[in-house]
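Read the figures in this text as sums done on the coordinates, not as results from a lab. Computed from a prediction, not measured in an experiment: that's the story for all the values here. Ideal geometry is used to build each Cβ from the backbone, glycine not excepted, and the neighbour counts take in all protein chains shown.
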Amino acid sequence: MTRAPEYLLPLLLAALSCASPNAPEVTGTWGGTSASLVLRADGGDLTFQCGTGTIASGWSLAADGTFHATGEFFNGGGPAPAEGRPPHPATYTGHVDGDHMTLTLTITDTDPDTVLGPYELVRDGPPVSQMCV
């Protein structure tokens, strides 16, 4: 039986420790014409032209750039109720390619599910303000 050189184990462990389900190279600010995102390792915050959203910790980015997250969506527009806007469970999916992200939001407590997007975002792109009334 042939043994691998002893220096390979520390190299392999170092390489594996750099792999992260929350790929740090996508954290930061993303913006576009209809949505913006601030993504952190522990979650994120989104602003849409007519709503806001949150991304829970545990989001993932696959090696092929496929993005997946869960969180909540809050409808905007009209007078805000005194008790605040109710959250809707949401799934965020998309694809990251360098400095470009395509993001789709699926609101999962409607029948059928409500799908918004896709939104085209750019790293360090402009933030979006809620504009609906």
Segment 22-123: translational diffusion in µm²/s, Stokes-Einstein, Kirkwood Rh over Cα pairs, 25 °C, 0.890 mPa s: 178 µm²/s
Positive minus negative residues near T52 (Lys, Arg vs Asp, Glu; Cβ under 12 Å): -1
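Please report the net charge: other residues with Cβ closer than 15 Å to the Cβ of F73, K and R +1, D and E -1. Could the numbers behind the result be given before it?
Details: positive: R85; negative: D45, E72, D109, D113.
That sum, taken over residues with Cβ under 15 Å, equals -3.
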